[in-house]
Every structure is written in structure tokens, then in C-alpha cells.
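Q: The following block contains the structure, expressed as C-alpha cells.
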Amino acid sequence: TKPLLQIALDYVDGNNVFRVAELVRNYVDILDIGTLLLKKEGVRVIAKIKQAFPDKLVFADTKTLDLGQQEARLVFEAGADMMSVCGAASDATIELAIREARFWGRKVLIDLIGTDISYRQIKRLSYFQPDYITIHTGIDEWHTENTLFEKVEVISHISPLPLAIAGGIQLDDIPYLLVFHPAIIIVGTAITTAPQPQKVAQYFWESIHATSFLIHKDLEHA
């Protein structure tokens, strides 16, 4: 199946977030209220985005480390369809956030940012049955070494859960990433800082759909 395209609105300020979202709405499936934007604007931005784009999934990148139930309730009450919990959070925090998500009929992504990628870690997180595991190279890591591809190669072979992939993804990366059958591909600055965000979003959408079609045809003839 084709992965969903998620646009991360981290570096879009409150005045421009709706303009950018409107420009790309025809080419993305999920509007990602990034951690930085969420901290600047508060949960009210979730409600505004959901009201303006009711046909899109809205993801609140809370990166929850504590107060799992309370933070989940906060963003789901505001209208978020999905939220993130850090893999480094305690078992209790992860369990409480997922339990609250199930109550609301919403989804939780476990973000591996800052955690190891051992089989033991993946097995631990899989026990809680989140909706997705997010392979994520953080922005601060880009200044040292981008290890996103190495993480994808390892985790895709040991995780039983659907994968989301994030971290400086560029258009040329799409054909390679699709080989690992991600459920969600998360793109941020490659789209949001482009002179024509709608054109770049269209290119990503077309690359995902065209490459997915070719991979599917190859599997049919294998």
C-alpha cells in the first residue's frame, strides 16, 4: 500500500501555517503540528488546524515523556487524531497515553528519537501495541551525522509495527525509503521552506505514488 505523506509544520510560524497548509492540502494526508509550533502556539493551534482542514488527519508532535494520560487527553480534546510519545518515556507513560488514545479512538506514534535501536528496545515498545514506530533523526543530529538510512535498514527488519520515517527527508530519498514499506513518510523543511511549497509537495506525492506502483508491480511478477 502507498504510505501516507505527512508534512511537519515545525518551522512555520502561526501567521503562515494556514497558508502553507492550504497550499499543500491536495498532496498531503497528515498535517503535523510540530513540537516547536505546538510550544509556541499552544494546543489552540490544533483546534484551529482541524477546523480549517477537517478532511485531513492532524498529528500533534508532543513527544511526550511524562504525564501520558494528561497530555493525550489535552491534544485529543483539542481535535488531534494522532500524537507522539518518546520511546525513552517510562512504561507507565507509554501505557497511559495509549490507553487514553484508545478511549478517544485516536492513534499514538512511539518516536525513537534519542533512543537505541536494539531488538530489545523494539520488543519492549511493541509490547504496548502503539499504532506506529517512528524512525527519527532529529534536527540537531543533522549537524553531526545523518544516520536515518542506517536506522531504517535495521529497524525495518526487527519491528513488527507499521513504520513512520522522519528526519531531513529529501525528494531523492523517496524511492530508497519505499523499499522498506513505511506506513508514513514525514517531510518538513524540504517542503515548507521551498519557494513553492505546493509544487514540492506535489513532487513528493507523485514520487510516492509512482514508486509505490512500480514496487507493487515488481512484487506481483516476483
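The values are calculated or read from the model by the stated rules, or taken from the named source; none is laboratory data. Since we're looking at a predicted model, the values are computed, not measured. Positions of Cβ are backbone-derived with ideal geometry, glycine not excepted, and every protein chain shown enters the neighbour counts. Areas reflect the complete protein model, heavy atoms only, side chains present, ligands, DNA and RNA absent. Shrake-Rupley method; radii C 1.70, N 1.55, O 1.52, S 1.80 Å.
Q: Kindly flag which residue pairs out of 2/39; 56/151; 2/56; 2/40; 50/107; 2/123 have an alpha-carbon separation exceeding 24 Å in this structure.
A: Details: 2/39 31 Å; 56/151 29 Å; 2/56 17 Å; 2/40 33 Å; 50/107 15 Å; 2/123 26 Å.
Too far apart for the 24 Å limit: 2/39; 56/151; 2/40; 2/123.
Q: Further, regarding this structure: Top mean-square fluctuation among 64, 147, 93, Gaussian network model of the chain, C-alpha springs under 10 Å?
A: With Cα springs under 10 Å in the chain, the top fluctuation among 64, 147, 93 is at 147.
Q: Can you tell me how much longer the chain between residue 16 and residue 198 gets when fully stretched, taken as 0.36 nm per residue apart minus their C-alpha distance, in nm with one decimal?
A: So the chain would gain 64.1 nm between residue 16 and residue 198.
Q: May I pose another question? Along the Cα-to-C-beta direction of residue 206, a point sits 7 Å from the Cα; which residues of segment 12-42 have their amide N less than 14 Å from that point?
A: 27
Q: Using +1 on the beta carbon of Lys and Arg, -1 on that of Asp and Glu, and nothing else charged, what's the dipole of the chain about the Cα centre, debye to 20?
A: For this selection, approximately 620 debye.
Q: Considering only protein heavy atoms and a probe of 1.4 Å, how much of the accessible area of segment 28-128 is carbon and sulfur, as a whole percent? Please report the intermediate quantities before stating the final value.
A: Details: 2550 of 4700 Å².
Summing carbon and sulfur atoms, their accessible area is 54 percent of the total for segment 28-128.
Q: Considering the options 87, 121, 69, tell which one lies farthest towards the positive end of the dipole of the chain, charges being +1 on Lys and Arg and -1 on Asp and Glu at the Cβ, about the Cα centre.
A: So the residue we want is 69.
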